[in-house]
Amino acid sequence: MKPKLILITMLTILMSGIQSHAQSNGKKILVAYFSHSGNTRAVAYDICKKTDGESFEIQTIKPYPTDYNTVVDQAKRELKADYRPELKSKLKNIKQYDVIFIGYPNWWGTYPQAVKVFLSQYDFSGKTIIPFCTHEGSELGRSVADLKKLCPKSHIQEGLAIRGSSAHNSGDKIEDWLKKLKIIK
Ligand SMILES: Cc1cc2nc3c(=O)[nH]c(=O)nc-3n(C[C@H](O)[C@H](O)[C@H](O)COP(=O)(O)O)c2cc1C
């Protein structure tokens, strides 16, 4: 390859790196989320879009039932028994991220057990963790307190709660929150 071509290629690679973090103040962002019926996923996608974050869906090997009452009962039993469902996949390298958004539906006042398993799998010491949830009235519930107990060496920032029925239509609220946290300008 000619020297000029090598230089152009190197500059292009460098510029694409700069651009992909431009919106998020140069921080490498992960948006990890669990979603059963799609509301939290919609919020997670919007956060990714606005921050240039990478998304990671927390999924259990055994999917949860789609019937509402069945999953509500199952989640109650799992919470009571502190059941740890097995997850489908693992993140390759948590160390590379500066900021980790963690999203979930409020299930019985806190995050689902699958999120607890995810949070227990990695060392989040010194990382900034930003929770967000969708819910039908309980907002973040006791999830932030639970998160602080599980990740005592992380910097937990102000979370965002969005009503499930507004999840697909909350772009402005999400933007205001990200600006307040100084994640975006
Ligand atoms: C198992 C289960 C438990 C729930 N518990 C609560 C709750 O305690 N408080 C609340 O406000 N909403 C509760 N909800 C409603 C969900 O938090 C809400 O519908 C959420 O937006 C679903 O997100 P998803 O589509 O990402 O799964 C519960 C829903 C399910 C399925």
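Are there any pairs, at least 6 apart or on different chains, whose C-beta atoms fall under 9 Å, with the first in the stretch 135-157 and within 17 Å of residue 113 (Cα to Cα) and the second of a type in the set (Gly, Ala, Ser) and away from the ligand (no atom under 15 Å from the Cβ), and if so, which? So the pair list comes out as 147/154; 148/154; 150/120; 151/125. Number of residues in the stretch 160-185 that are in contact (Cβ under 8 Å) with a residue 12 or more places away in the chain and either more than 14 Å from the ligand (Cβ to nearest atom) or farther than 20 Å from residue 41 by Cβ (or both) equals 12. Name every residue in the stretch 146-185 that is within 15 Å of residue 103 (Cβ to Cβ) and in a strand (DSSP E or B), in order of residue number. Of everything in the stretch 146-185, those that are within 15 Å of residue 103 (Cβ to Cβ) and in a strand (DSSP E or B) turn out to be 156, 160, 161, 162, 163.
For the stretch 51-70, how many residues are under 10 Å from the mean Cα position of the chain (by Cα) and among the charged types (D, E, K, R)?
So the first thing to find is which residues in the stretch 51-70 are under 10 Å from the mean Cα position of the chain (by Cα), and the list is 53-58.
Still in the list and also among the charged types (D, E, K, R): 54, 57.
The number of residues fulfilling the criteria is 2.
Restricting the stretch 125-146 to residues that are touching a Leu at 6+ places or on another chain (Cβ under 9 Å) and within 22 Å of residue 88 (Cβ to Cβ) leaves a set whose member that is surrounded by the most Cβ atoms within 10 Å (Cβ to Cβ) is 133.
Can you say whether residue 35 is more than 13 Å from the chain's Cα centre (by Cα), among the hydroxyl-bearing types (Ser, Thr, Tyr), outside any helix (DSSP H, G or I) and closer than 20 Å to residue 162 by Cβ, as far as the supplied structure shows?
Values: more than 13 Å from the chain's Cα centre (by Cα): no; among the hydroxyl-bearing types (Ser, Thr, Tyr): yes; outside any helix (DSSP H, G or I): yes; closer than 20 Å to residue 162 by Cβ: yes.
Judged against the criteria, residue 35 is not a match.
Answer with yes or no whether residue 46 is modelled with pLDDT of 95 or more and either in contact with a strand residue (DSSP E or B) (Cβ under 7 Å, 6 or more places away or on another chain) or surrounded by fewer than 19 Cβ atoms within 10 Å (Cβ to Cβ) (or both). Criteria not met by residue 46.
Assess whether residue 17 counts as being surrounded by fewer than 18 Cβ atoms within 10 Å (Cβ to Cβ) and at pLDDT below 95.
Working: surrounded by fewer than 18 Cβ atoms within 10 Å (Cβ to Cβ): yes; at pLDDT below 95: yes.
Taking the combined requirement at face value, the residue satisfies it.
What residue, among those in the stretch 118-153 that are touching a Phe, Trp or Tyr at 6+ places or on another chain (Cβ under 6 Å) and over 16 Å from residue 31 (Cα atoms), is nearest to the ligand (Cβ to nearest atom)? Selected residue: 143. Reported count of residues in the stretch 88-109, each being away from the ligand (no atom under 14 Å from the Cβ) and either farther than 19 Å from residue 38 by Cβ or in a helix (DSSP H, G or I) (or both), is 12.
Please work out which residue is nearest to the ligand (Cβ to nearest atom), limiting yourself to the stretch 69-87 and to residues that are exposed (fewer than 12 other Cβ atoms within 10 Å of the Cβ) and not in a helix (DSSP H, G or I). Steps first, answer last, please.
We begin by selecting, within the stretch 69-87, every residue exposed (fewer than 12 other Cβ atoms within 10 Å of the Cβ); these are 69-70, 77, 80-82, 86.
Imposing the further condition that a residue be not in a helix (DSSP H, G or I) reduces the set to 82, 86.
Details: 82: 16, 86: 18 Å.
Among those residues, the one meeting the criterion is 82.
With respect to residue 115, is the statement that it is within 16 Å of the ligand (Cβ to nearest atom), aliphatic (A, V, I, L, M) and in contact with a Ser or Thr (Cβ under 8 Å, 6 or more places away or on another chain) true? It is false that residue 115 is within 16 Å of the ligand (Cβ to nearest atom), aliphatic (A, V, I, L, M) and in contact with a Ser or Thr (Cβ under 8 Å, 6 or more places away or on another chain).
The values are calculated or read from the model by the stated rules, or taken from the named source; none is laboratory data. Since this is a predicted model, take the numbers as computed values, not measurements. Cβ sites come from the backbone with ideal geometry, for glycine too, and all protein chains shown count toward neighbours.
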